[in-house]
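Below is one structure, written out as structure tokens; comments come after it.
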Amino acid sequence: MPSILTRQRPRTCVACRTEAPKKALIRIVRTPDGSAVMDVTGRLPGRGAYLCLNVECLRKARKTGTLSKALKTTLTDACWEDLERCIERYAEEHGPEERRRELRSLLGLSRRAGLLLIGMDSIGTEARKGKPLLLLAARDCSAAVQKFAEGLVSGEKHQLVSLPVDVEGLSTALGAGNVQIVAVLSHGGLADKLKVLLAE
């Protein structure tokens, strides 16, 4: 049975070509006058394209022409400047605390959907099967957990990311006691969404 996290088709950033769930990207829409606006609701009518929510991807899309091509219009300098200001302002308004809440919520949903490996035993078992993993360690995890994780990533097959939440926050999000490290398969929509949230 497909989980609620995998039903929605991922979108692709026109600049960096990263696939991510629709909610992790920002939609840019061509207006009737040929300019473009940021569509924060995701519901504006018109031809649209998706970008990562950062100015670097916007600048890359401008330099390579991928956004103009996707929207089938030529954007003026003023339009590019407006888009850059909108993206900066939106990123500021959706700051670190909101991203931490979204991260905790996504981890909780992932656990309920059975997509999350919890603890060193289950992660070690899956790692021995040869599947590449994205390891997520609480920022205050123990030295033993840190050493375990670093041992796994030394072969460059797995990735390790320190979460912006502590053991208590991670445990609460998952409804479990003393969770210091979790993991997901590093290829797939869930890992992509987590990477986007953690990169912001």
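The values are calculated or read from the model by the stated rules, or taken from the named source; none is laboratory data. Fair warning: this is a prediction, and the values are worked out from it, not measured in the lab. All Cβ positions, glycine included, derive from the backbone under ideal geometry; neighbour counts span all protein chains shown.
With the condition kept exactly as written, say whether any residue in the range 55-68 is touching a residue at least 60 places away in the same chain (Cβ under 8 Å), under 19 Å from the mean Cα position of the chain (by Cα) and under 22 Å from K22 (Cβ atoms).
Our first condition is that a residue be touching a residue at least 60 places away in the same chain (Cβ under 8 Å); within the range 55-68, this holds for none.
No, there is no match, as no residue in the range 55-68 is touching a residue at least 60 places away in the same chain (Cβ under 8 Å), under 19 Å from the mean Cα position of the chain (by Cα) and under 22 Å from K22 (Cβ atoms).
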Considering residues that are more than 17 Å from S171 (Cβ to Cβ) and in a helix (DSSP H, G or I), the number found within the range 97-139 is 9
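Looking only at the range 140-180, which residues are among the polar types (S, T, N, Q) and assigned to a loop (DSSP other than H, G, I, E, B)? Even if it seems obvious, please write down each step before you answer.
Of the residues in the range 140-180, the ones among the polar types (S, T, N, Q) are 142, 146, 154, 159, 162, 171-172, 178, 180.
Scanning the range 140-180 gives S142, S154, N178, Q180.
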The lone exception for V165 - which of (1) within 24 Å of E19 (Cβ to Cβ); (2) surrounded by 16 or more Cβ atoms within 10 Å (Cβ to Cβ); (3) at pLDDT below 90 it fails | (1)
